[in-house]
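To start, the structure under review is shown below, and the notes come after it.
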Amino acid sequence: MANYEDIFKKVVSHAKEYGYVFQSSEIYDGLAAAYDYGPNGVELKNNIKNYWWKSMVNMHENIVGLDSSIFMHPTTWKASGHIDAFNDPLVDNKDSKKRYRADVLIEDHIAKIEAKIDKDCVKAAKRFGDAFNREEFVTTNGRILDRQKQIDAINEKMNTSLSSGDLEGVKALIEELDIKCPVSGTNNWTDVRQFNLMFKTQMGATADGASDLYLRPETAQGIFVNFLNVQKTARMKIPFGIAQIGKAFRNEIVARQFIFRMREFEQMEMQFFVRPGEEMKWYDYWKEFRMKWHNSLAMGEENYRFHDHENLAHYANAAADIEFKFPFGFKELEGIHSRTDFDLKAHQEHSGKKLQYFDPEIGESYVPYVVETSIGLDRMFLTVLSHSFREEQLENGESRVVLKIPALLAPLKAAILPLTKKDGMPEKAREIMKSLQVDFNCQYEEKDSIGKRYRRQDAIGTPYCITVDHQTLENNTVTLRDRDTMIQERVSVEKLHSIIAEKVNIAKYLA
Ligand code: GAP
């Protein structure tokens, strides 16, 4: 088994064991691609939301929030193009009866070629030692250049077929590449068909078609239809943004990789309304701003990269993903899209209501252009969890599992641990807990040996353990243990609040 699969499996089981993520409806054997967040999971999720909201809304005078409903008038989805164009190309293997996304089958094939390039690089690095220069190697080595040529040709064929809706071309490419079903091992494929990803439901008791509703596949449309309500009531001037965090639903053909691709998930989106013609300036601005936000969490700049789209969605004139290096490779974490005036114009046409802005600076009315940033909250959660998970060998021969979650996002900031359950230590520990818990999420724990309690807090990802012992009762000092360095120091109880506050200081992260 490949090492990354091993690690990923461990992350998934760790997430369950320590109350981060559970399979939905587990007692009924689960529901595919739906997950529940446990006590630590919900804290981490809230902290991610809060960090995003702080940076995007509270720190921008010209961005305000919204919480729109999941159910929307069905014409919304006609106007947005989701009824006609929110499709994935699917293909079935006739032998295994397994269903796949045709484009993902091709992308997986490309990933295999990329893995070969990586292998070549690793071998060359060993051979050349310190003199190895990867950049130079991949741009001059004949075998790698051939492989890259292959990748470019496949991408070109796939993008041309997908953007022109040529499904026969997609199937021909799968056959040309001799892609086999991972389950049956055969290349006995059906034709490629389009599959709409929206979940349909009904409102009220009537059976006529007018009451058909869809669960929203993106939160963005709630922002578009409220554009004028928000602009007028919050007295916003262009350029300005509207941000929202909320659930979205997609009937994904193949939902896999834990919470990476779910059928019910959460998005954090911001639509930024700009003057027509200025969208590319803002597109570049938000690409850079969002990358900076990711890097502020110090999870390794080398783990992020941009992927500019060639195959654009029906509403976009430019689009890029921020990809993160998950245990299963670089994959999309966030999208930044220049959506033109497509959505507002379409809602204007379908509703018959003007969605225009009078720009006092140029004395003109226009339909604004939109640049959006859209990140999946669950994917961000997986980013943090998978990056933080470490198995460490300690100097004393023991090992530990630790979640090195950025302190700002950690579910618990400190655990307060009386050394024993007697001599007034529990009472003192609870007094300390009381003084900290208003500002920081803390846990009081007195069960098990102190070593076991440290290990448990490491596994949860708690930045600090505060141990109350005999000395505490004498001179009001405690042992403060750092999760990452495991260094223990004696500090006075009065200093605890400011030490933790410094560690989770949001201003420092956002600086
Ligand atoms: N409003 C634009 C939009 O929805 P998208 O690229 O389809 O664009 C944005 O989705 C983000 O939502 C993605 O970058 C990803 O993080 C997240 N996302 C999309 N589908 C998802 C799924 N099935 N499960 C979890 N997250 C998903």
> Rg and Dmax of the range 372-501, Cα atoms, in Å?
Replying inline: 15.8, 59
> Kirkwood Rh over Cα pairs of the range 259-382 into Stokes-Einstein at 25 °C, 0.890 mPa s: D in µm²/s?
Replying inline: 154
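Run the numbers on the range 1-153 and let me know its relative contact order in percent, using alpha-carbon pairs under 8 Å that are six or more apart.
Relative contact order of the range 1-153: 9 percent.
Using the alpha carbons of the range 231-304, what is the convex hull volume per residue in cubic angstrom, as a whole number?
Details: hull volume 12.1 nm³, N = 74.
With only Cα atoms used, the range 231-304 gives 163 Å³ per residue.
Going by average Cβ density within 10 Å per residue, which order do the peptides 228-239, 97-108, 267-278 take, highest to lowest? Could you put the intermediate results ahead of the total?
Working: 228-239: 14.7, 97-108: 18.1, 267-278: 21.0.
Put in order of decreasing packing, that is 267-278, 97-108, 228-239.
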>> Sort 380-387, 184-191, 424-431 by packing, meaning the average of other beta carbons within 10 Å per residue, with the highest value first.
In response: 380-387, 424-431, 184-191
> Convex hull volume of the Cα atoms in the range 150-208, per residue, in Å³?
Replying inline: 158
>> Only four residue types carry charge here, +1 at the Cβ of Lys and Arg and -1 at the Cβ of Asp and Glu. Report the dipole size of the range 299-455 about the Cα centre in Debye, rounded to the nearest 20.
In response: 1020
> Mind listing the Cα extents of the chain along all three principal axes, in Å, largest one first?
Replying inline: 77, 63, 53
>> What are the extents of the Cα atoms of the range 1-78 along their three principal axes, in Å, largest first?
In response: 49, 34, 27
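Just to verify a number: FRET efficiency for Asp152 and Lys126, C-beta to C-beta distance, R0 = 25 Å, to 0.05? Could the numbers behind the result be given before it?
Details: r = 27 Å, r/R0 = 1.10.
Approximately 0.35, to the nearest 0.05.
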>> Using the Cα centre of the chain as origin and beta-carbon charges of +1 (Lys, Arg) and -1 (Asp, Glu), tell me which of Gln443, Thr467, Ile238 is placed farthest towards the positive end of the dipole.
In response: Thr467
>> Explain nothing, just compute: Karplus ³J(HN,Hα) = 6.51 cos²θ - 1.76 cosθ + 1.60, θ = phi - 60°, for every residue of the range 464-469 in order, whole Hz, x for Gly and Pro.
In response: 10, 10, 10, 9, 9, 10
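Note the direction-averaged projected area, equal to a quarter of the hull surface, for the Cα convex hull of the range 110-151, in nm².
Values: hull surface 10.6 nm².
Average of the hull's projected areas for the range 110-151 equals 2.7 nm².
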> How far, in degrees from 0 to 90, does helix 450-460 lean away from the longest principal axis of the Cα atoms of the chain, to the nearest 10?
Replying inline: 10
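No value in this document is a laboratory result; all are computed from the given coordinates. These numbers were taken from a predicted model, which means no experiment stands behind them. Every residue, glycine among them, receives a Cβ derived from its backbone with ideal geometry; neighbour counts consider all protein chains shown.
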